[in-house]
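Student: Attaching a single structure in structure tokens format; questions to follow.
The values are calculated or read from the model by the stated rules, or taken from the named source; none is laboratory data. As the structure is a prediction and not an experimental result, all values here were calculated from the model. Note that we place each Cβ from the backbone using ideal geometry, even for glycine, and neighbour counts take in every protein chain shown.
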Amino acid sequence: MRQFLIKFLVRKYGFLALIFLLFLPVASLAQLTVGFLVPVSGLGDQSFNDITYAGLVKARNDFGFTLIVRQCQTGPLSHAIEMENLLDSGADIVVANGWEFADVVKESALENPTRLFILNDWPLTGFDNVISTVFSQHEGGFLAGALAALVTKSGKLGFVGGRDIEVIRAFQLGFTEGAEYISKDVRVVTTYLEGGGNIGIGFDDPSLGYSVALGLYDEDVDVIFSVAGLSGNGVIRAAAERKRYVIGVDADQDYMAKGYVLTSVMKRLDIAVYNVLHEISLGQAVRGLRSFDLDNGGVNLTQMLLSRETVTDEIRRTLDEIKGKIITKKIVVSNYLKRTHESR
């Protein structure tokens, strides 16, 4: 990674800088600019984007780099435009938040070999200047399904995904397997918000999430696992209104409806992006794929401090036992992402 930092500084300050860099143990991140490429759901989603931004802000405060943010609209043209804006604004490192940026990261990495790209939540390998982070959401989904099955009274659970894509399917399959691990009698009703006339808004429309959740609760579903970004905020609102339960995702959403959000399956993008930037600041060679799971704390449930009346000590002990079995491979959770990638 040292060679990337040297190239960045030489590009910024000219080749005379190389004379000084040769005598420095590590080139400082404080001299660089980090760009954050955000999907259309934007900051303020209290989920996927906000937790990544929190990690970037902490890294900026600790390492002193300049942080700039660009939010995309729907579609690859907007992705390309905002990536170009970040690079034209001097971004030496670009953090692209989500699977939808894979194509623009590929193209930009090839065209800009002295820039570094971090692609979150999607595997992208084969580039010397790309780091990608992936998460074992199937393991977190399994714990969420087990919890839902332990709490349900109706035996009918709901899964609301923003869009029918691989990473969301991984959550859904894990959730279903976790519920069935507890009881073969439970039923999981799966709904994807984006489809039919709802094009491009699956992760971005709280009102849609709200109306779909109300319909599920009215059909006797009493626990919904919401994996829908900003749209999931509407699912949480519906849970509070109907006095039913919901499980949040990505960030800690327990506070959004105290007692009704049983837990959140946290995908620690904040830790992932902070750790990568920390390693870069140390001059370490950072590239390729980084994996985060239950074992290393990159995926986990919250402490469930606000749902103690429902999530009893006995349920917590059961979840801890299941978590231990997943980590030690006594329980092997199906990974939809791995399965689909291996079939290609």
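Student: Being assigned by TED's automatic domain parsing to the domain that holds residue 153, among the charged types (D, E, K, R) and either part of a helix (DSSP H, G or I) or surrounded by fewer than 21 Cβ atoms within 10 Å (Cβ to Cβ) (or both): is that true of residue 204 here?
Tutor: On the way: assigned by TED's automatic domain parsing to the domain that holds residue 153: yes; among the charged types (D, E, K, R): yes; either part of a helix (DSSP H, G or I) or surrounded by fewer than 21 Cβ atoms within 10 Å (Cβ to Cβ) (or both): no.
No.
Student: Across segment 46-67, which residue is surrounded by the most Cβ atoms within 10 Å (Cβ to Cβ) among those that are in a loop (DSSP other than H, G, I, E, B) and in contact with a Ser or Thr (Cβ under 9 Å, 6 or more places away or on another chain)? Lay out the reasoning, then the answer.
Tutor: To start, the set of residues in segment 46-67 that are in a loop (DSSP other than H, G, I, E, B) comprises 46-47, 64-65.
Going one step further and asking which of them are in contact with a Ser or Thr (Cβ under 9 Å, 6 or more places away or on another chain), we end up with 47, 64-65.
Numbers: 47: 28, 64: 13, 65: 21.
Result: 47.
Student: Then there's this: Closer than 23 Å to residue 105 by Cα and of a type in the set (Lys, Arg) - does that describe any residue in segment 139-161? So that I can check it myself, show each step before the final result.
Tutor: Step one: of segment 139-161, the residues closer than 23 Å to residue 105 by Cα are none.
No, segment 139-161 contains no residue that is closer than 23 Å to residue 105 by Cα and of a type in the set (Lys, Arg).
Student: With respect to residue 254, is the statement that it is in contact (Cβ under 8 Å) with a residue 12 or more places away in the chain and farther than 13 Å from residue 49 by Cα true?
Tutor: Values: in contact (Cβ under 8 Å) with a residue 12 or more places away in the chain: yes; farther than 13 Å from residue 49 by Cα: yes.
For residue 254, the condition - in contact (Cβ under 8 Å) with a residue 12 or more places away in the chain and farther than 13 Å from residue 49 by Cα - is met.
Student: Assess whether residue 121 counts as being closer than 19 Å to residue 50 by Cα and either out of contact with any Cys (no Cβ under 6 Å at 6 or more places or on another chain) or assigned by TED's automatic domain parsing to the domain that holds residue 67 (or both). Break it down into steps so the answer makes sense when it comes.
Tutor: Numbers: closer than 19 Å to residue 50 by Cα: yes; either out of contact with any Cys (no Cβ under 6 Å at 6 or more places or on another chain) or assigned by TED's automatic domain parsing to the domain that holds residue 67 (or both): yes.
Here the answer is yes, as residue 121 does meet what is asked.
Student: Another question, then. Kindly check whether there is at least one residue in segment 174-183 that is surrounded by fewer than 23 Cβ atoms within 10 Å (Cβ to Cβ), within 21 Å of residue 250 (Cα to Cα) and either in the same structural domain as residue 47 (by TED's automatic domain parsing) or charged (D, E, K, R) (or both).
Tutor: yes
Student: Quick one: which residue in 145, 140 is at pLDDT 95 or above, surrounded by 21 or more Cβ atoms within 10 Å (Cβ to Cβ), within 29 Å of residue 236 (Cβ to Cβ) and in contact with an Asp or Glu (Cβ under 8 Å, 6 or more places away or on another chain)? Let's see the steps before the verdict.
Tutor: Working: 140 fails: in contact with an Asp or Glu (Cβ under 8 Å, 6 or more places away or on another chain).
When all the criteria are applied, what remains is 145.
Student: Related question: Go through 261, 246 for me and flag whichever is of a type in the set (Val, Ile, Thr) and free of Cβ contacts under 8 Å to residues at least 40 places away in the same chain. Steps first, please.
Tutor: On the way: 261 fails: free of Cβ contacts under 8 Å to residues at least 40 places away in the same chain.
So the residue among 261, 246 that is of a type in the set (Val, Ile, Thr) and free of Cβ contacts under 8 Å to residues at least 40 places away in the same chain is 246.
Student: Do any helices (runs of 4 or more DSSP H) entirely within segment 246-344 hold 2 or more residues that are of a type in the set (Lys, Arg) and farther than 21 Å from residue 130 by Cα, and if so, which? It would help to see each step written out before you state the result.
Tutor: Details: elements: 269-281, 313-327, 336-342.
The qualifying helices (runs of 4 or more DSSP H) are 313-327.
Student: If you don't mind, there's one more thing I want to ask. Residue 155 - would you say it is in the same structural domain as residue 317 (by TED's automatic domain parsing) and in contact with a helix residue (DSSP H, G or I) (Cβ under 8 Å, 6 or more places away or on another chain)?
Tutor: Working: in the same structural domain as residue 317 (by TED's automatic domain parsing): yes; in contact with a helix residue (DSSP H, G or I) (Cβ under 8 Å, 6 or more places away or on another chain): no.
Here the answer is no, as residue 155 does not meet what is asked.
Student: Can you name the residue in segment 68-80 that is surrounded by 15 or more Cβ atoms within 10 Å (Cβ to Cβ) and assigned to a helix (DSSP H, G or I) and is also nearest to the chain's Cα centre (by Cα) among such residues?
Tutor: Taking the candidates together, the pick is 79.
Student: Hey, which of the helices (runs of 4 or more DSSP H) in segment 99-192, taking only ones fully inside, have at least 3 residues that are out of contact with any Leu (no Cβ under 9 Å at 6 or more places or on another chain)? It would help to see each step written out before you state the result.
Tutor: Details: elements: 102-111, 137-151, 166-182.
Those helices (runs of 4 or more DSSP H) span 102-111, 166-182.
Student: Name the residue, out of 205, 220, 185, 270, that is touching a residue at least 12 places away in the same chain (Cβ under 8 Å) and within 17 Å of the chain's Cα centre (by Cα). Give the steps one after another, and end with the answer.
Tutor: On the way: 205 fails: within 17 Å of the chain's Cα centre (by Cα); 220 fails: within 17 Å of the chain's Cα centre (by Cα); 185 fails: within 17 Å of the chain's Cα centre (by Cα).
Exactly one residue qualifies, and that residue is 270.
Student: Let me ask another. Which members of segment 289-310 meet the condition of being surrounded by 20 or more Cβ atoms within 10 Å (Cβ to Cβ) and of a type in the set (Gly, Ala, Ser)?
Tutor: Listed by number, the residues that qualify are 298, 307.
Student: Select from segment 268-301 the residues that are among the charged types (D, E, K, R) and touching a Gly at 6+ places or on another chain (Cβ under 7 Å) and write down the one among them that is nearest to residue 60 (Cα to Cα).
Tutor: Initial filter on segment 268-301 (among the charged types (D, E, K, R)): 268, 270, 279, 287, 290, 293, 295.
Add one more test, that the residue is touching a Gly at 6+ places or on another chain (Cβ under 7 Å), and what stays is 268, 270.
On the way: 268: 17, 270: 12 Å.
Filtering segment 268-301 for residues that are among the charged types (D, E, K, R) and touching a Gly at 6+ places or on another chain (Cβ under 7 Å), the one nearest to residue 60 (Cα to Cα) comes out as 270.
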